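K.L.:
Structure provided below as structure tokens; questions to follow.
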Amino acid sequence: MGGAVSAGEDNDELIDNLKEAQYIRTELVEQAFRAIDRADYYLEEFKDNAYKDLAWKHGNIHLSAPCIYSEVMEALDLQPGLSFLNLGSGTGYLSSMVGLILGPFGVNHGVELHSDVIEYAKQKLDFFIRTSDSFDKFEFCEPSFVTGNCLEISPDCTQYDRVYCGAGVQKEHEDYMKSLLKVGGILVMPLEEKLTKITRTGPSAWETKKILAVSFAPLIQPSHSDSGKSRLVQLPPLAVRSLQDLARIAIRGTIKKIIHQETMGKSGNGLKNPPRFKRRRVRRRRMETIVFLDKEVFASRISNPSDDNNNCEDVEEERREEEEKNVPEMKPDPPVNFLREKVLSLPLPDPLKYYLLYYREK
């Protein structure tokens, strides 16, 4: 599933392509996609395919195509502080991107059938928190994953603002999926070969929108234990943050505001530079005509007043491209982690500094 956009050379170029094709349409979703490198969720020997718009599967590990994830993220209409349930959470790639938008006071839960995939997801989550500079640009709602079949969630579980199912849902399970949703909430799932958005507008009122045709592996039906009873899945509890954790969130938020104000003061308006897109060369097509005259055939080009000008532009563009090839490639300076620098410069004991930085390696 996928192949809707061209392959990118890196994560940013993949996102550029998704934006150009209108799969990514909002700034929040774009920021989340740019913050987490898709290749980090691939096994090392398969990373060459990470920036192609294709699904990837190896054993129980599975990633949907980028165009699918971007449509899902846009359809979920995520906002800070919401609760999210990911059914078939897999590698945790989608859950981590969602967590960047939900912020510290959201809820981010995932249910995954395979315990080995849960371990893989936890490793990738730990790697992101420890090493990614993007982590310090957001307040993160860390995902919590549990093992089990998402069709066996305990009936006394809490309902969620946003629910996504990453496996094909049959019509017989539609009402079950809807029951997981709060009033006003949004459910996105592949329903009968269509990625479908369902909004709960009242206790028994729903709005349904078909987004695009998809092909997902179907949900695996529950298997009963020896006693004949199903194994109910208990979702993670809604934990209350500690006072210490709340203090860290508040301090980091204050430092970010100071950095933002300082940046605005230096730049004058604080506006970000617009993303740079690779310039695509356009080949102009010359029109030709075939004239029949006394059984002889003559082929000639239709003159166009702008042809001479176009020719000059083509020559000039070719000259610029040739010059660019001859210029030695300069590697951009690595981005500065201003939050980290500011925290390390504070007159605080080192253990407190490291706590504010989540004991991160970078």
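The values are calculated or read from the model by the stated rules, or taken from the named source; none is laboratory data. Please read all numbers here as calculations on a predicted model, not as lab measurements. Because the Cβ atoms are built from the backbone with ideal geometry, glycine has one as well, and the counts that use them run over all protein chains shown. Just so you know, the surface numbers come from the protein's heavy atoms only, side chains and all, with ligands and any DNA or RNA stripped out. Shrake-Rupley method; radii C 1.70, N 1.55, O 1.52, S 1.80 Å.
K.L.:
One residue is enough: does the stretch 171-193 have a residue meeting the conditions within 24 Å of His58 (Cα to Cα) and open to solvent by 10 Å² or more (accessible area, probe 1.4 Å)?
P.N.:
Checking the stretch 171-193: at least one residue is within 24 Å of His58 (Cα to Cα) and open to solvent by 10 Å² or more (accessible area, probe 1.4 Å).
K.L.:
Separate question: Could you give every pair whose Cβ atoms fall below 8 Å, whose first residue belongs to the stretch 111-137 and is under 20 Å from Gln234 (Cβ atoms), and whose second residue is assigned to a helix (DSSP H, G or I), counting only separations of at least 6 or pairs across chains?
P.N.:
Pairs that qualify, where the first residue is under 20 Å from Gln234 (Cβ atoms) and the partner is assigned to a helix (DSSP H, G or I), are Val111/Cys150; Glu112/Ile118; Glu112/Ala121; Leu113/Cys150; Ala121/Ser95.
K.L.:
Hey, does the stretch 307-318 have a residue that's open to solvent by 100 Å² or more (accessible area, probe 1.4 Å) and modelled with pLDDT of 70 or more?
P.N.:
No, every residue in the stretch 307-318 fails to be open to solvent by 100 Å² or more (accessible area, probe 1.4 Å) and modelled with pLDDT of 70 or more.
Residue-by-condition table, conditions (1) closer than 20 Å to Leu85 by Cβ; (2) aromatic (Phe, Trp, Tyr); (3) at pLDDT below 95:
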| position | (1), (2), (3) |
| --- | --- |
| Ile186 | yes, no, no |
| Glu207 | yes, no, no |
| Phe216 | yes, yes, yes |
| Ser223 | no, no, yes |
| Ser230 | yes, no, yes |
| Ala250 | no, no, no |
| Lys257 | no, no, yes |
| Lys266 | no, no, yes |
| Asn269 | no, no, yes |
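K.L.:
Do we find that Pro203 is loosely packed, with under 12 Cβ neighbours inside 10 Å and touching a strand residue (DSSP E or B) at 6+ places or on another chain (Cβ under 8 Å) in this structure?
P.N.:
yes
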